[in-house]
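This report refers to the structure that appears directly beneath it.
The values are calculated or read from the model by the stated rules, or taken from the named source; none is laboratory data. A quick note: this is a predicted structure, and the numbers were derived from the prediction, not measured. Here the Cβ positions follow ideal geometry from the backbone for every residue, glycine too, while neighbour counts run over all protein chains shown. Accessible surface is based on the protein model in full, side chains and every heavy atom, while ligands, DNA and RNA are left aside. Shrake-Rupley method; radii C 1.70, N 1.55, O 1.52, S 1.80 Å.
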Amino acid sequence: MSRWRFSMQAAAFVAACAVPLGAASAAAGSGARAEQAPVADKALQALSQRLFPLFTALGSDGKALAALSRQPAVASLIAARAERVAACRQEPGCIAQALMWREDEIAAVTAALPGGLPAFDDGIAAQATRELQGVNVILGTYGLGQVPAYPVIDGAGSISPQERRAWLHAAQSMAQTPRAGSLQGFDTSFDFALALLDGSTRTDAAAFLPLGSGLNEAAFARARQTDWRAFRYSALVVTGIGPELEDMPLSPGGKYHLRLAAQQFARGDAAFIIVSGGRAHPFNTPFVEAVEMRQALIDRYGIPADRIVIEPHARHTTTNMRNAARLLIAMGAPLTQDTLVISNPIQSAAIGSAEFVARNKRELGYAPGIAGKRLSPTAIEWRPAAAAARIDPRDPLDP
């Protein structure tokens, strides 16, 4: 579809959305059918579960959600947020800004949350804070045009103000249309954010799930029978180096990484190969780098499919390593065992540097592992950490 045609459609959509949903319903007349129960949206539910596991669980627990909503401090802040939205008078850009979570609101909600909700090793409050901050990042990046940390590959891309306004109107309408299992009755910010990602076709985080099935099923089955002590390394971790051409599945540098990995794997000292790379380069590419790397290892080097694990979400070197650690945890590999990271000399040097540790802490909030002995300019030992399991929706494409 051409940009001109899309812009015409966007203008028509914005005009259609100028009428508030309540007014549209009233216009249907007294003969309208009785309101039906909300329907489940499998796509948004999967994305919500992936990005906001704690608040998604809260949304499905009616008693816990009602108890939270009745607490005076929470009831007061939710009412104040609703007033901010109402003052926008259906202007979607204003609504997106009004739905941003303020620091005092985040603190109040996290302090009032009941126990028993799913959280990671640093607890419910830390996980809830990440999820609410994640809502803010999505609203800011995809709704308000804030520039992401890596604008060349992340975010909504270059779109006209008219297109952005149409996306905001659609997200606003979706957030107001009931969805089963959502938090809309508590606060619409979650569904507004999810609809922005969905409308921008930036739902990568929910793809290939569960990671132990599909292309990884055979390798996970083998992992359950693996004697990890028989190998020096639990896995070779092969990082991505995406192409910049739209029709190129693998870059020349990526093919170089695979040759290095195949040579190392032939030595027999690693149980598996983890290929890590998402749909990152070039912007909005149709190719998932890990999938392409897996197929090349099978076709070009004859490596058995049940020895290869794809990590199809990472978009940066930090998340290459974090997500590889997550897979090893899911596979049952001992975290006391090293991996061997295979990459080009420049990337390998970066992974082994003190700056990479600082970058991890800056971008992820922690170090998902620690570099060890360097075997060559292209191979460095790396031991994963349990903290890598934490979900962080502040990077919604690569949680």
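Considering region 159-211, the residues that are out of contact with any His (no Cβ under 7 Å at 6 or more places or on another chain) and of a type in the set (Asp, Glu) include one that is most open to solvent (accessible area, probe 1.4 Å), namely Asp198.
Take Gln133 and decide whether it is over 24 Å from Arg315 (Cα atoms), open to solvent by 40 Å² or more (accessible area, probe 1.4 Å) and part of a helix (DSSP H, G or I). It is false that Gln133 is over 24 Å from Arg315 (Cα atoms), open to solvent by 40 Å² or more (accessible area, probe 1.4 Å) and part of a helix (DSSP H, G or I). Restricting attention to region 65-102, the residues that are in contact with a Gly (Cβ under 9 Å, 6 or more places away or on another chain) and over 18 Å from Leu132 (Cα atoms) total 2.
Cβ separations smaller than 6 Å between residues 6+ apart or across chains give the following pairs from region 133-152 residues that are modelled with pLDDT under 95 to residues that are part of a helix (DSSP H, G or I): Tyr142/Leu196; Gly143/Ala96; Gly143/Leu168; Gly143/Leu196; Leu144/Ala96; Gln146/Gly140; Pro148/Thr141. Among the residues of region 292-306, those that are touching a strand residue (DSSP E or B) at 6+ places or on another chain (Cβ under 6 Å) and of a type in the set (A, V, I, L, M) comprise Met293, Leu297. Taken over region 219-241, residues that are open to solvent by 50 Å² or more (accessible area, probe 1.4 Å), aliphatic (A, V, I, L, M) and more than 24 Å from the chain's Cα centre (by Cα) amount to 1. Just need a number here: residues in region 269-300 that are without any contact (Cβ under 8 Å) to a residue 12 or more places away in the chain and either surrounded by 22 or more Cβ atoms within 10 Å (Cβ to Cβ) or over 19 Å from the mean Cα position of the chain (by Cα) (or both). Final tally of qualifying residues: 3. Report yes if some residue within region 70-77 is closer than 20 Å to Ser182 by Cβ and among the β-branched types (Val, Ile, Thr); otherwise report no. Yes, that holds for at least one residue. Listed by position, the helices (runs of 4 or more DSSP H) contained in region 185-276 that have at least 3 residues being under 30 Å from Gln90 (Cβ atoms) and at pLDDT 95 or above are 189-199.
Only one of the numbered conditions (1) in contact (Cβ under 8 Å) with a residue 40 or more places away in the chain; (2) outside any helix (DSSP H, G or I); (3) within 23 Å of Pro53 (Cβ to Cβ) is violated by Gly115, and that is (1). In summary, Ile106 fulfils each of the numbered conditions (1) loosely packed, with under 15 Cβ neighbours inside 10 Å; (2) under 28 Å from the mean Cα position of the chain (by Cα) with the single exception of condition (1).
Residues in region 340-399 that are within 20 Å of the chain's Cα centre (by Cα) and over 19 Å from Leu328 (Cβ atoms): 10 in all.
Kindly evaluate Ser200 against the criterion of being without any contact (Cβ under 8 Å) to a residue 12 or more places away in the chain and under 19 Å from the mean Cα position of the chain (by Cα). Here the answer is no, as Ser200 does not meet what is asked. Could you grab me the full set of residues in region 81-100 that are closer than 19 Å to Gly185 by Cβ and either open to solvent by less than 40 Å² (accessible area, probe 1.4 Å) or touching a residue at least 40 places away in the same chain (Cβ under 8 Å) (or both)? Within region 81-100, Arg81, Val85, Ile95, Ala98, Leu99 qualify. In the set Asp198, Asp187, Asp191, Asp204, which member is closer than 30 Å to Glu105 by Cβ and touching a strand residue (DSSP E or B) at 6+ places or on another chain (Cβ under 7 Å)? Answer to the selection: Asp191. For first residues located in region 236-257 and more than 18 Å from Tyr301 (Cα to Cα), partners that are polar (S, T, N, Q) and assigned to a loop (DSSP other than H, G, I, E, B) and lie 6+ apart or on another chain with Cβ distances below 7 Å form the pairs Ile241/Ser251; Ile241/Asn344; Gly242/Ser251; Pro243/Ser251; Glu246/Thr285. Scanning region 68-104 for residues that are outside any helix (DSSP H, G or I) and aliphatic (A, V, I, L, M) turns up Ala87, Leu99, Met100.
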